[in-house]
Amino acid sequence: MKYLLLLFLFVFTVSTQAQQKTISEFTQGFEKKSGFLNLYLQPENGKIFLEVSELNKELLYYPSLAQGIGSNDIGLDRGRLGGEHVVQFEKHGNKIFLVEKNYRYRAISNDPLEQKAVEESFAKSIHFGFEIQAEGSGNYLIDLTPFAIQDALGATDDLASSNQGNYKVETSRSAIYEPMTKNFPMNTEIESIITYVGSKPGRELRSVTPTAEFVTIHQHQSFVALPDEKYKPRVHDPRIGYIGISFFDYASPINEPIEKQYISRHRLIKKNPGSAMSEVVEPIIYYMDRGAPEPIRTALMEGAAWWNQAFEAAGFKNAFQVKLLPLDADPMDIRYNLIQWVHRSNRGWSYGASIIDPRTGEILKGKVTLGSLRVRQDFLIAQGLVGDFTSDTSHVAEITAMALKRLRQLAAHEVGHTLGLPHNYISSIDNRASVMDYPHPLAEQKNGKITLSNAYTQEIGSYDKVSIRYGYGYFENEEKDLDAFVEDAIAKGHRFLTDQDARPDGSENPYTHLWDNGSNATQELKRVCEIRKVVLQNFGENKIPKGQSLATMEEVLVPMYMFHRYQIQGAAKVIAGADYNFAARGDGQFGYKVVSAAAQNEAIDAVLTTLNTDFLALPPQLIGMIPPRPFRQNGNSRELFKGRTGLSFDIMSPAEAASNLTLNYLLNVDRSNRLAMQQAYDKNLPSLNDVLQKLYKQTWGVGSLFSKNDYNGQINRLVAMNTLKHLMALAQNDNATVETKSQVELYLKRIEKQAGENDETAFGLLSLSLLEQYEDNPSSFKRPSLPTIPDGQPIDQDYDWLDACYLD
C-alpha cells in the first residue's frame, strides 16, 4: 500500500509539473508558425499544438477539402466547402472547449438580459474539447492533433448515404500535412492527410480509387478573424432574389415579423460615396485556378469578368476583377475568392458557394467549382448539331467556339452565385436577361442548315445589372429607396422566379423553366422539334471523326434524339398552368393568373405530338448503322440508351425513353390534380378528362395497335403500354385527388374493354394480364421498372434549392 501511495504521488507530481510548464518550455524545439492563432508543430511525434490567446472571443471556423475523391455522385470534390461556424474558445476546469453560439435565434437589443433569455433558451454546440498542455500569461496551449485529423466534413456519412460502403477515419494512416499548414495575420490554415478505411466499397468509389478499401484525401480546416462591425446588412426583398441568412429576432415588436432575412453580398465601399461613379476602397478580386488548360482558362476568366459590367452599371469603377491565382497561394486561404477547375470520373455539376459571416450575411470568400468534363458534353452537343467530319477539320472550329461560349456563360453563372445571386429561371422569356438562368444552346435554321452563331449570350444580362444594383448599390434612404428601385425594375419588365418555381416536375408557371429559350414554351417546343427533325434526317457516320469507332455514334445521337427533352417540360407547365409573381401589396404586380384555355389546348396538342410514331421512330438510315460496342469500350454508360437486346443497339430504346419522358410530365400527379379541378376557375379550361381522352386517342386509339408488327407498329404498342403503366401508377398515387383517381380509373376500364375485345392477340392478352394484376390488389401495384432515360443535365441528383451552395 505504501509503495502504491508513493507511485501515485510521483505520477501526480510529474503530471502537475507538466501542467505547470510554460508554453515556451513545453514547445522548446517545436516549429512555430506565428499568425492569427499561433501553431506549434512537433514533426517527430506528428503532433500540432495551438495557442489560445483570447478566451470567449468569437472567430469563424470552417472545414474544406483540398484534395477530393473525384466522383460527382459522391460529391467529395476538390475545393468543397463545409459550413461556417461562429465559435469561441472557452475554459472549463482543465479543459478548453470550442463552442459554437446559436445565431439562428437572437435578440437584437441593447438589453443584455433580453439577449441572455434567448441564449439560454436554445442549445449551443461544443465542437471539441481539449486538455490544456501548458499555459502562461493568460494563454493556453492545446493539442490540436485529434481535432485536425477528425472527419470534419462528414465524408463517412457521404460515403454511406451514396451506398459506397461504411468507412471510418484510420488515425494510423492520417497525419498533419505540413506544407499546406500555414498562418497569416487574420487566418490560420491547417491541412491534414485523412485516410478512411472500410469494406464493401460501392461502384462509384471503386472507379476513382486505386484501392477502394483505403480512401485518402486532404482535409483543410480554417480559423478566421471575423470582420469588423462596419458592414451594414441589407434586408432581403423576395421580388429581387438574393441568397442570404435567416434568423429569429425575439426582440422584434409584436406587430413585426419575428423572422428576419438579410441578403448575402461582398463588402464594397466607394472611395467617393457621393459620386455616381467611383473607384472602390478594395475591389472584389476572383482568382483563376492555374490548373485549367488553355484556351479554357482564358474563356473562364473572360466570362467571370463580365460581372464588372454590372458593377459599373451600379456606379463602381473597376470594382470586379479576375486574376490568375499567385503561384505561392493556398487555394483554401480565406483571402482568395477562387474559380477552381475540378476533375471527376464523370461529368457533373458545377457550383458556386461562399463562406458567409452567419451573423450578418457578409460574403468573406467566394468559391466556384467547375467540372472539367462539362465542356466535352457541350462539344458533343455542338458536334451533333453542326458536325460534319467529311474532312478531319470540318466544323471543328465552330464546335469549339460554341463550347467555349458556354464556358464563359457558365463561369459568369457560378460567380454570380458567389456574389449572392440565386437562379432566375424566368429570364429566358426576356431576351435571356440573366446569366443566372440555365441556357439551352440556341440552335437556329438558316437555309435548311443549323447554325450556332447565337448559341449563348456573351455578356451580362439586363436583370443581372438590376440585381447587382439592388444588392451592392448606394441608397440614401435605404428602405424607401430600395423599395422604389424594385418597383421601377418591375415596371421595366424584370421578373424573378427561381428553383422552387421551376424544378419540380409538376410546377406550373408557363414561363419558368430550366434549359429553355423563347418567350412561349409551346412555340419553342415546336421550333426545337423542327431542329431535331433536321438533325436526325441528316445524321450519319459523318458525325464522328474518321478512325473513331462507329459504335460511338450513339454518344452523339443521344442528345440529338432527346434534343426536345427540356422544352417538353416547359410546354407541359402550360397545361393546368398559372403565371404568378412574388408580389407585394401595392406594387402593381398581379399575384396569380391561370393560363388561358387556348394556350393550354395548344400545349396539350404540342406535347402529344412527341408520342407520334413519326416523331419517335429513328430515321431509316440509322436502323442497323450502330454496331455493338467494341472490346474495352463501356456500353453501360449512363449517357447511353438503356437497351434490352444485349450487345446490339436496341432500336426501340430511344422511343421507350422519349415516350416515358413525355408521359412523366403530362401525367404528373400535381398537374393532373390541377387539371381535374381547374374548371372551378373557368368552365372553358381543359379538364383532366379532356387530356386523357386525347392521350387515349393518341396511344390506344391507333387502329393497327393489335395487328401491325413492323417497326412503327411495335413503337405504337410500346407507347400504349407505357401509357397504361403511367395511368395505373397515377391512379394509385397517394397524392392523387378523388377527382384524379376517378377519371384515371375510367380510362383504365376503357383500355381493359379494348384489350378484352382483342384478347386473341398477344398484346391484348399481355394488357389484360397486367390489368388483372392491378385489379386484384391495386394498392400494391408498383409501376414496373422502365429503362432509365440517359442523363441530360450535367448529372441528375437530388437537389436542395434552399441550400446556399448552388449546383449547376
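Quick rundown of the values:
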| item | result |
| --- | --- |
| Reachable aspartates and glutamates, given that their alpha-carbon falls under 12 Å from the alpha-carbon of Lys33 and they are not under 8 places away in the same chain | Glu51, Glu178, Glu189 |
| Heavy-atom surface of the chain, accessible at 1.4 Å and reported per residue (Å²) | 44 Å² |
| Farthest positive-ward along the stretch 552-630 dipole, Cα basis, beta-carbon charges - from Leu611, Pro627, Ala576 | Ala576 |
| Cα-centred dipole magnitude for the stretch 439-574, charges only on beta-carbon of K, R (+1) and D, E (-1), debye, nearest 20 | 980 debye |
| For the stretch 186-236 versus the stretch 68-126, the gap between their alpha-carbon centres in whole angstrom | 17 Å |
| Shape of the stretch 200-339, Cα gyration tensor, a/c cut at 1.5 | oblate |
| Summed residue charge, Cβ within 15 Å of Gly165's Cβ, Lys/Arg positive, Asp/Glu negative | -3 |
| Volume per residue that the Cα convex hull of the stretch 153-222 spans, once the total is divided by residue count, Å³ | 90 Å³ |
| Theoretical FRET efficiency, 1/(1+(r/R0)^6), r = Cβ-Cβ of Asn454 and Thr298, R0 25 Å, to 0.05 | 0.70 |
| Share of carbon and sulfur in the accessible heavy-atom surface of the stretch 30-90 [1.4 Å probe, %] | 38 percent |
| Separation of the Gln679 and Ser207 label points, Cα + 7 Å toward Cβ, nm | 4.9 nm |
| Rounded Å value of the spacing that divides the Cα centres of the stretch 346-409 and the stretch 299-339 | 18 Å |
| Among (i) 161; (ii) 228; (iii) 212, the entry derived from the coordinates for volume of the Cα convex hull per residue in Å³ | (ii) |
| Ordering of 285-294, 539-548, 452-461 by burial proxy (mean other Cβ atoms within 10 Å per residue, highest first) | 452-461, 285-294, 539-548 |
| The chain: angle of helix 688-699 to the longest principal axis, Cα-based, in degrees nearest 10 | 60 degrees |
| Sites Ser637 and Asn477, calculated FRET efficiency, Cβ-Cβ separation with R0 51 Å, nearest 0.05 | 0.30 |
| Full-extension gain in nm, Thr400 to Asp587, via 0.36 nm per residue minus C-alpha separation | 62.7 nm |
| Reach of Lys21 by Cα under 19 Å, taken over lysines that are not fewer than 8 positions away in the same chain | Lys32, Lys47, Lys91, Lys95 |
| 17 Å Cα-Cα reach of Lys593 towards aspartates and glutamates, excluding residues that sit fewer than 8 places from it in its own chain | Asp501, Glu508, Asp579, Asp682 |
| Net dipole in debye of the chain [+1 Lys, Arg Cβ; -1 Asp, Glu Cβ; about Cα centre; nearest 20] | 1160 debye |
| Accessible area of the stretch 548-623 belonging to carbon and sulfur atoms, whole % at 1.4 Å probe | 55 percent |
| Probe 1.4 Å - accessible area at Val396, Å² to nearest ten | 50 Å² |
| Between 0 and 90°, nearest 10: helix 2-20 axis offset from the chain longest Cα axis | 80 degrees |
| Neighbourhood net charge (9 Å Cβ-Cβ; Lys/Arg +1, Asp/Glu -1) for Glu487 | -2 |
| Translational D in µm²/s for the stretch 291-402 (Stokes-Einstein at 25 °C, 0.890 mPa s, Kirkwood Rh from C-alpha pairs) | 147 µm²/s |
| Helix axis angle, 296-305 relative to the chain longest principal axis, alpha carbon, degrees | 80 degrees |
| Ranked packing of 307-318, 206-217, 756-767, most packed first, by mean Cβ within 10 Å | 307-318, 206-217, 756-767 |
| Solvent-accessible area, 1.4 Å probe, carbon plus sulfur percent, for the stretch 105-163 | 44 percent |
| Modelled label reach - Gln621, point 7 Å along Cα→Cβ, the stretch 389-408 residues with backbone N closer than 13 Å | 389-390 |
| Mean separation of Cα contacts under 8 Å (6+ apart) over length of the chain, as relative contact order % | 9 percent |
| Listed residue (His513, Val535, Met562) projecting farthest to the positive dipole end of the stretch 509-582, Cβ model | Val535 |
| Number of Lys pairs (Cα under 24 Å; 8 or more positions apart or on different chains) in the stretch 623-731 | 8 |
| Translational diffusion of the stretch 500-635, µm² s⁻¹ [Kirkwood Rh, Cα pairs; Stokes-Einstein; 4 °C; 1.567 mPa s] | 75 µm²/s |
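The values are calculated or read from the model by the stated rules, or taken from the named source; none is laboratory data. Since this is a predicted model, take the numbers as computed values, not measurements. As a convention, Cβ positions derive from the backbone with ideal geometry for all residues, glycine included, and neighbour counts pool all protein chains shown. We work out accessible area using only protein heavy atoms, side chains counted, and drop any ligands, DNA or RNA first. Shrake-Rupley method; radii C 1.70, N 1.55, O 1.52, S 1.80 Å.
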